[in-house]
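A.B. asks: Okay, here's the structure, questions in a sec.
FYI, it's all coordinate maths here, none of it is from the lab. Just so it is clear, the model here is predicted, and its values are computed rather than measured. Please note: Cβ atoms are built from the backbone with ideal geometry, for glycine as well, and neighbour counts cover all protein chains shown.
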Amino acid sequence: MINRQNWQLTKKYLDYRLRVDQVSRPSMEKEKTHLRYALEWAQETTFQKASEVAPSFPQFLLTSRLDGFAGRLSVVYIKKILSTVRLFFTWLSDNQTGYKHIKQAWIKTIKVKRLSDMPKNKESVSFEEIQVIASAPVRTIQERRARAGLVFLYLSGMRIGAFVSMPVEAVDISNRCVNQNPALGVRTKNGKAAKTYLLDIPELLKVVQNWDDEVRAYGGLWFASLSFATGEIVLQDAGEHRKNLARRNFRDWLSSVGLPYHSPHKFRHGHIHYGLKRSKNIADFKAVSLNVMHSTVQITDQFYSILSDNEVRERIESMGKENSSSDDFMESIRILLEQHKKNDP
């Protein structure tokens, strides 16, 4: 049974995050879920005695999840939960009577020392899969929207929240450019603005161009709203649950044509893996990272630059056969050193 006082403290903290730290409401909702893990971990024990709870919170996360799925939580998600909970206990210690005894020395232990045994983001939509999806049959406007949406996610690497809130004026298919600007209503992560460029794959671009031609005459959202009564395109703002609508639309259409369902984020993974696999130097690698709005190339490298055993073998074998330009190599090293210098505190 969850301690009521602990629950009230998490509510108070989240209110503080909204009012004082001015985090966005979507970010606050994510932190609410993260803190739910802390509540489930402590159960009836007050947070005043958190250091006495066994197993430790990091150990608890390695064997627990609240979404009903099997398997261990991802590396990325565990780190996000731990970060939120560290901030929460710091806030308790600094701002709440009766919690001054919680020291930073203990708070710093809320981490996982080694996650090397946990898989990285290997699952992604392959180029072969997106080719099949792009050529799959469509009969209705809803199916055309689903197919074009999935292909667009692969070409752009956009996050689903930004994609479903993207207006047609943010899209320029002829120049393969998307203006991910919150001022246009695009719901980007942390409210960042950036231009994203679509992969230059003609057979895929043709699919999104055909849908763009169809939807542009109406205006509004590129992932257009459809009337429940007529099935026709209607002008409507992106609702709070539009991401879920898109997922259902994708799942239903893929099922109807006998194709397996992948979550929208796996199409983003596919975009990144496609780009990294074809990167010839550090500059190419950085371009992929910037295009998907990663804050640093380290994020891209840590979670997406995965090579299979066969790929490792092929690349090692090719090193003795290719005569790479020494100038290109030195330029790559220079860029890498500059990147490290910027990120070195």
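A.B. asks: Return P(r) of the stretch 14-82 (all Cα-Cα pairs; 10 Å bins starting at 0; whole %; ordered from short to long distances).
C.D. replies: Pairs per bin, as whole percents: 18, 45, 32, 4.
A.B. asks: Go through SER126, LEU82, TYR16 and say which Cα lies farthest out towards the positive end of the charge dipole of the stretch 1-149; charges sit on Cβ, +1 for Lys and Arg, -1 for Asp and Glu.
C.D. replies: With unit charges placed on the Cβ atoms, the residue in question is TYR16.
A.B. asks: What do you get for Rg/Rh of the stretch 1-143 when both radii come from the Cα atoms and Rh is the Kirkwood radius?
C.D. replies: Taking Rh as the inverse mean 1/r over Cα pairs, Rg/Rh reads 1.12.
A.B. asks: Just want the answer: with Cβ charges of +1 for Lys and Arg and -1 for Asp and Glu, which residue in ALA42, PHE69, ILE102 is farthest toward the dipole's positive end in the stretch 1-118?
C.D. replies: Most positive-ward Cα: ILE102.
A.B. asks: Holding the Cα-Cα limit at 26 Å, pick out from LYS108/LYS286; LYS243/LYS280; LYS11/LYS266; LYS32/LYS286; LYS266/LYS286 the pairs that are longer than that. Spell out each step's value before the answer.
C.D. replies: Details: LYS108/LYS286 32 Å; LYS243/LYS280 35 Å; LYS11/LYS266 33 Å; LYS32/LYS286 33 Å; LYS266/LYS286 20 Å.
Long pairs (Cα-Cα over 26 Å): LYS108/LYS286; LYS243/LYS280; LYS11/LYS266; LYS32/LYS286.
A.B. asks: Test of understanding: what is the full-extension gain from GLU232 to ALA183, defined as 0.36 nm times their sequence separation minus their Cα-Cα distance? All intermediate terms of the calculation are to be shown ahead of the outcome.
C.D. replies: Values: separation 49, 0.36 × 49 = 17.64 nm, distance 2.73 nm.
Length gained between GLU232 and ALA183: 14.9 nm.
A.B. asks: Once fully extended, how much extra length lies between GLU240 and GLN8, figured as 0.36 nm per residue of separation less the alpha-carbon to alpha-carbon distance?
C.D. replies: Answer, rounded to one decimal: 80.9 nm.
A.B. asks: While we're on this one: Express in % the proportion of alpha carbon pairs of the stretch 129-168 at distances exceeding 15 Å.
C.D. replies: 42 percent
A.B. asks: Label ARG247 and ALA193 with points 7 Å out from Cα along Cα→Cβ: what is the distance between them in nm?
C.D. replies: Taking the simple label geometry, ARG247 and ALA193 are separated by 3.0 nm.
A.B. asks: I need the calculated FRET efficiency for the pair VAL112 and SER255, taking r as the beta carbon distance and R₀ as 35 Å, to the nearest 0.05.
C.D. replies: Once the sixth-power term is evaluated, E becomes 0.40.
A.B. asks: Please arrange THR63, THR45 by how many other C-beta atoms lie within 10 Å of their C-beta, fewest to most. Mind showing how you got there, number by number?
C.D. replies: Working: THR63 9, THR45 13.
Ranked by crowding around the Cβ, least crowded first: THR63, THR45.
A.B. asks: Could you list GLU129, GLU169 in order of exposure, starting from the residue whose Cβ has the fewest other Cβ atoms within 10 Å?
C.D. replies: GLU169, GLU129
A.B. asks: What is the packing order of peptides 276-282, 216-222, taking the mean over residues of other C-beta atoms within 10 Å and listing the highest first?
C.D. replies: 216-222, 276-282
A.B. asks: Within 10 Å, count the other beta carbons around each residue, average over each peptide in 155-168, 82-95, and list them highest first.
C.D. replies: Ranking the peptides 155-168, 82-95 by packing returns 155-168, 82-95.
A.B. asks: Give me the number: length gained by fully extending LYS32 to ASP15, i.e. 0.36 nm times residue separation minus the C-alpha to C-alpha distance, one decimal in nm.
C.D. replies: Length gained between LYS32 and ASP15: 5.1 nm.
A.B. asks: Which of VAL132, VAL112, VAL151 has the fewest other C-beta atoms within 10 Å, and how do the rest follow up to the most?
C.D. replies: Going from sparsest to densest Cβ surroundings: VAL132, VAL112, VAL151.
A.B. asks: For the stretch 127-267, take the convex hull of the Cα atoms, compute a quarter of its surface area, and give me that in nm², please.
C.D. replies: Mean projected area for the stretch 127-267: 7.8 nm², to one decimal.
A.B. asks: So for the stretch 81-195, Kirkwood radius off the Cα pairs, Stokes-Einstein at 37 °C and 0.692 mPa s: how many µm² s⁻¹?
C.D. replies: It diffuses with D of about 178 µm²/s by this estimate.
A.B. asks: If you don't mind, there's one more thing I want to ask. How high is the relative contact order of the stretch 4-107, in percent, with contacts defined as C-alpha pairs under 8 Å that are six or more residues apart?
C.D. replies: 25 percent
A.B. asks: Next question. Between SER51 and ASN175, with labels modelled 7 Å along Cα→Cβ, what's the label distance in nm to one decimal, could you check?
C.D. replies: Using points 7 Å along Cα→Cβ, the separation is 5.8 nm.
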